[in-house]
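Worksheet for the structure shown next.
What follows is calculated from the coordinates using simple rules that are stated; it is not laboratory data. What you see is a predicted model, and the numbers here were worked out from it, not measured in a lab. Cβ atoms come from the backbone with ideal geometry, glycine included; neighbour counts cover every protein chain shown.
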Amino acid sequence: GKVRASAHNCSDLRRHVPKLEPIEKRALQDCVELLGETIAELRTALTDLSPKKSASKHYNDIQTLLSAAMTNEDTCLDGLFYSTKNNLTRYVEDNLHTIAHHVSNSLAMLNKIKRTSVSSSEEVFPEYGAMKNGFPKWLKRRERALLQVPVNETKFDLAVAKDGSGNFTTINEALSAASNSTNTRFVIYIKEGSYFEYVEVDKKKNMIRL
C-alpha cells in the first residue's frame, strides 16, 4: 500500500507542482516507474514465499528481488536530490525511507532462512541448481532443444542487422516491435556486429529469445 501511495504521490507532484524544471519532471517520472518495478518485485517475492514453495530453494531469487526493490528507492531519491528549486525530496523521502526500512528487515529475516540445497561442482551458479547435459535441470526439454538448434536452422520472428539486411538496425527497435506476454517464444536473430546501445527488455516481454 505504501509503495503504491508513494507512486501516486510522485504522479500528483508531477501534475500539480507549478513551474517544475525539466530535470524535476524526469526525476518524478523515474520515481513512478521505479516504484512500479518495486511493486512487481515485491509481488514476485511474495509468490516465492508462498506455502506451496520452499523459500530456501528460492533464496537467491528472493534476495535479488528484495535488493532490487531497495535500490529502486535509493535511485528515486538520488534523482530528486538535484531538485534544488522545489526541493521535491521533502515530499517523498519519509515514505521511501519507511519502504526501504521494511525491505531491509525482510532481507535480514531472509538471511536467517537456512538454504536446503547445497551447491555442487556441477552448478554454474547456486540459483541455477543441478545441471544436466550442460543445462539447468529445471529447463524444459523443449527449451533445451531450441537452444541446441544451429543458428542457420533457427526460425526467427525478427532479424537485427547493422548493414540493413534485417528487419531493424538496432536491438531496441526489434524489442519494441516484439510481442508482449505470449505462450510461445519470440525469437530475435541478431547478426554479428557492434551494437552500441543500452538494451532493456520490458517485463511484459517475457518470452523473448535473443
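Data table
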quantity	calculated
Listed peptides 192-200, 80-88 by packing density, highest first (mean Cβ within 10 Å)	80-88, 192-200
Filter on 25/203; 85/203; 2/204; 112/140 - keep pairs with C-alpha separation over 26 Å	85/203; 112/140
